[in-house]
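Chemist: The following block contains the structure, expressed as structure tokens.
Every read-out reported here was derived from the displayed coordinates using simple, explicitly stated rules and does not represent laboratory data. Please read all numbers here as calculations on a predicted model, not as lab measurements. Cβ placement follows ideal geometry from the backbone for every residue including glycine, while neighbour counts extend to all protein chains displayed.
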Amino acid sequence: TFAGCAGNDGYTHDAQCVLYDGPDEAFQGSEICFAFNEDTVTIWDVSDKSSPVILSRTLYENQIYTHQGWVTSDWKTLLVDDELDELCAEEGSSAYSSLCADLSLDFEPFTGHEKTRTHIFDISELRWPRYTGYYEHTDVSIDHNLYVWGQVHAKGQGGNPPMKNPPSSKYAYLNNYIAGLRILDISAGADNPGGFKETGYFDIAPDLSSLEFLGAWSGYMHPSGVYAISSIDRGLFFLQPENVFDTAGSTSDSNTDSGAVWGVAFAIIAVSAVGAFGAAIFLSSKQKAAKHYVSNDATL
């Protein structure tokens, strides 16, 4: 059923819409949408479907293509993927892409930086979000879609009933094209981007390191703690990361958490796509030897 249209800010590429239960008391119980509109992060109050209201439009450093993002479980922090900020640099530089030539941007000249950046906002006040900085990954890769699964499963919004022991809210799961799955400990909060820490990863293209639209597209965490990540060119991977859950040894609602650090945290359970059989053999043959693609904290 068509309920209304929020069209006063142009094209919306992606959005997360929630029944708001965060720190901004003026909007408790409101229907709030965090929209990623190519050129801004735009926050809407869509409680009145006939008359949606823009609460804020926010730019950020080296904004190129505001693609997607997700709110943390305490409703205080917004994490954002910019899909082209790695690519857009001055013509002649190693990060230059012709994709950027026709863009009209607020932050020219282009300053493409190659390594993936996750942008961070304090959204404690929905009408006045603050850009607080970014987390720079170690990889030369483009970012695409990220999620924080704890609250999704706690509220039963992931295709399951509400969970007593949902996946931890301290981790964000980032699906970053060539770099694959990157897992960030985001518990430091919006005002301390330097406190974010990569705690695990699974590189679905360990033979590649480049700014290309290949590799991880998106992912989904099943309530059991199994993570599904799709690759554009190598198929669908099912992974079992450790420390998905906060409660060590718990079996309620989900798989038992071993309580170990992110170690040999991923097992390839299945891969399915054209040409994926070869990819599965390739990755399996590398798994024991390639510490660099399993986890930062791995002891193999």
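Chemist: What is the gain in length, in nm to one decimal, between Glu212 and Leu59 on full extension, counting 0.36 nm per residue of separation less the C-alpha to C-alpha distance?
Modeler: 52.6 nm
Chemist: Can I ask one more? Computed FRET efficiency, Cβ-Cβ of His113 and His13, R0 25 Å: what is it to the nearest 0.05?
Modeler: Between His113 and His13 the formula returns 0.75.
Chemist: If you don't mind, another one. On a 24 Å Cα-Cα criterion, which of the cross-link pairs Lys49/Lys164; Lys49/Lys170; Lys155/Lys197; Lys76/Lys197 come out too long?
Modeler: Pairs exceeding 24 Å: Lys49/Lys164; Lys49/Lys170; Lys155/Lys197.
Chemist: Classify segment 12-87: rounded, prolate or oblate, from the alpha-carbon gyration tensor (a ≥ b ≥ c, eigenvalue square roots; a/c under 1.5 rounded; otherwise prolate if a/b is larger than b/c)?
Modeler: Prolate, since a/c reaches 1.5 and a/b exceeds b/c.
Chemist: What does the extension gain come out to for Phe238 and Asp48, with contour length at 0.36 nm per residue minus their alpha carbon separation?
Modeler: 64.4 nm
Chemist: Would you please put 121-129, 47-55 in order of how densely packed they are, using the mean number of other Cβ atoms within 10 angstrom per residue and starting with the highest?
Modeler: With the highest mean Cβ count within 10 Å placed first, the list reads 121-129, 47-55.
Chemist: Oh, and also: Give me the orientation-averaged projected area of the Cα convex hull of segment 149-191, in nm², one decimal.
Modeler: For the Cα atoms of segment 149-191, the hull's average projected area reads 3.9 nm².
Chemist: Taking a ≥ b ≥ c as the square roots of the eigenvalues of the Cα gyration tensor of segment 1-47, is the shape rounded (a/c under 1.5), prolate (a/b larger than b/c) or oblate?
Modeler: Oblate, since a/c reaches 1.5 and b/c is not below a/b.
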